[in-house]
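Undergrad: Pasting a structure below so you can have a look.
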Amino acid sequence: MSKFAERERVDLHIHSCASDGTWTPAEVVREAKQLGLAAIALCDHDSVANVAETMELAEAAGLRCLAASEICATKAGRMFHILGYGIDITNGPLLALLRHNWDLLLDKDVESIKILAEAGWAVDEEEFARYEYDRRRGGWKALAYLIDKGFCTDVNDYFRNIFTEENHLGFPPFPPISRVIETIHQAGGVALCAHAASAFHGPGLAAELELLAEENLDGFECYHSGHSPEDTAKLLSYCRERGLLISGGSDCHGTFVPGRFLGEPKVYAEDLYLPGLL
């Protein structure tokens, strides 16, 4: 890629309808262009289904677009999201890993409804098996089903009141972080931990960094819509002291996740450290 002009804005964490976002590739590119972004990365959860189309449309619109995915991993019994940037989206081992994770998520949907039904909730496994929903509304099948049944109002309500330990619901065991990183590297990409300081990870940034220190991560997503300015500064210092890569983005899911907007926080190309990619 050519060098950026001074103060060009970028957003390297966007989701589409290939995972749990609401936008098509054309809508992602249109929104990015209207906002004046210079570069984007489509980081769908455990999927690269919309990456090639997004990159083609972005190039036609004069935008830079990184090939990327946000891949689920497990460490110490907790789920982490690992961003793979600059990946070969045709790489066999990578596609096998994404398919494995995707199948785990589909199975978790079925299992979640089964657990709730057995606990006396007014849900039905056979009804759920027949249930279909418009992927353009965002989210995933179990969430859409439970919203339509009146058990929750949105994704935040779902994680706050349904997908909890009290209801015996939790994420499946994904491959270890080390395997995810290795697969990303084999696919020619770099691996960065997503939103390490967000509420998604619970224990706080210091605990996360201590836990992840032994992993062969290439860097961290320092700028994120769920990071406080203080934690962003700490992550930046951590990466700069160790020569690690620095990325950032909104984690926008189109209109699906309340409070997340494309291009927020404002991130500029000069703020990041992604040599060879940006």
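FYI, it's all coordinate maths here, none of it is from the lab. All values reported here derive from a predicted model rather than from experimental measurement. Methodologically, a virtual Cβ is constructed for each residue, glycine included, from the backbone with ideal geometry; neighbour enumeration extends over all protein chains shown.
Undergrad: Return the long-range amide H neighbours of THR22 (sequence gap of 5 or more, or a different chain), with a cut-off of under 5 Å between placed amide H atoms.
TA: GLY254, THR255, PHE256
Undergrad: From zero outward in steps of 10 Å, how is the percent of C-alpha pairs of the chain spread across the bins?
TA: P(r) over the chain, rounded to whole percents: 7, 29, 36, 21, 6, 1.
Undergrad: For region 98-161, what percent of Cα pairs sit more than 16 Å apart? Write down the numbers at each step before the final one.
TA: Values: 923 of 2016 pairs.
In whole percent, the share of Cα-Cα pairs in region 98-161 beyond 16 Å is 46.
Undergrad: Further question on the same structure: Restrict the search to region 69-167; then list the GluC sites (Glu not before Pro) that DSSP places in a loop and that have at most 16 other Cβ atoms within 10 Å of their Cβ.
TA: In loop regions of region 69-167 (DSSP not H, G, I, E or B), the sparsely surrounded GluC sites (Glu not before Pro) are GLU132, GLU165, GLU166.
Undergrad: I've got another one for you. Hey, can you grab everything whose amide H is under 5 Å from the amide H of LYS75? Only 5+ residues off in sequence or another chain; H modelled, so Pro and N-termini drop out.
TA: Hits under the 5 Å cutoff: PHE80.
Undergrad: Within the chain, what is the longest stretch that has no trypsin sites (Lys or Arg not before Pro) placed in a DSSP loop and near at most 13 other beta-carbon atoms within 10 Å? List each step's numbers first, then the result.
TA: Numbers: sites that count: LYS3, ARG7, LYS266.
With a cap of 13 other Cβ atoms within 10 Å, the longest stretch comes to 8-265.
Undergrad: Another question, if that's okay. Within 10 Å of each residue's Cβ, count the other Cβ atoms and sort ASP231, ASP251, ASP134 from fewest upward.
TA: Values: ASP231 20, ASP251 25, ASP134 9.
Listed from fewest to most nearby Cβ atoms, that is ASP134, ASP231, ASP251.
Undergrad: What three numbers, in Å, describe the spread of the alpha carbons of region 70-214 along their principal axes, ordered from the longest?
TA: 46, 36, 24
Undergrad: Here's something else I'd like to know. Please arrange HIS15, HIS45, HIS253, HIS185 by how many other C-beta atoms lie within 10 Å of their C-beta, fewest to most. Could the numbers behind the result be given before it?
TA: Numbers: HIS15 27, HIS45 20, HIS253 24, HIS185 15.
Arranged by neighbour count, lowest to highest, HIS15, HIS45, HIS253, HIS185 become HIS185, HIS45, HIS253, HIS15.
Undergrad: Still on this structure, please answer the following. Output needed: percent of Cα pairs per 5 Å distance bin for region 144-243, bins running from 0 to the one holding the longest distance.
TA: Once binned at 5 Å, the Cα pair distances of region 144-243 give 2, 11, 16, 18, 16, 15, 11, 7, 2, 0, 0.
Undergrad: Quote to one decimal, in nm, the extra length available between LEU104 and MET79 on full extension: 0.36 nm per residue of separation minus the C-alpha distance between them.
TA: Numbers: separation 25, 0.36 × 25 = 9.00 nm, distance 1.28 nm.
Length gained, LEU104 through MET79: 7.7 nm.
Undergrad: Let me ask something else. When the scattering of region 26-111 is computed by the Debye formula from its Cα atoms alone, each counted once and equally, what is log10 I(q)/I(0) at q = 0.17, 0.24 Å⁻¹?
TA: -0.74, -1.11
Undergrad: Taking H placed 1.01 Å from N in the peptide plane, check which residues at least 5 places from HIS13 or on another chain put their amide H under 5 Å from its amide H.
TA: Distant-sequence amide H within range of HIS13: ALA41, SER250, ASP251.
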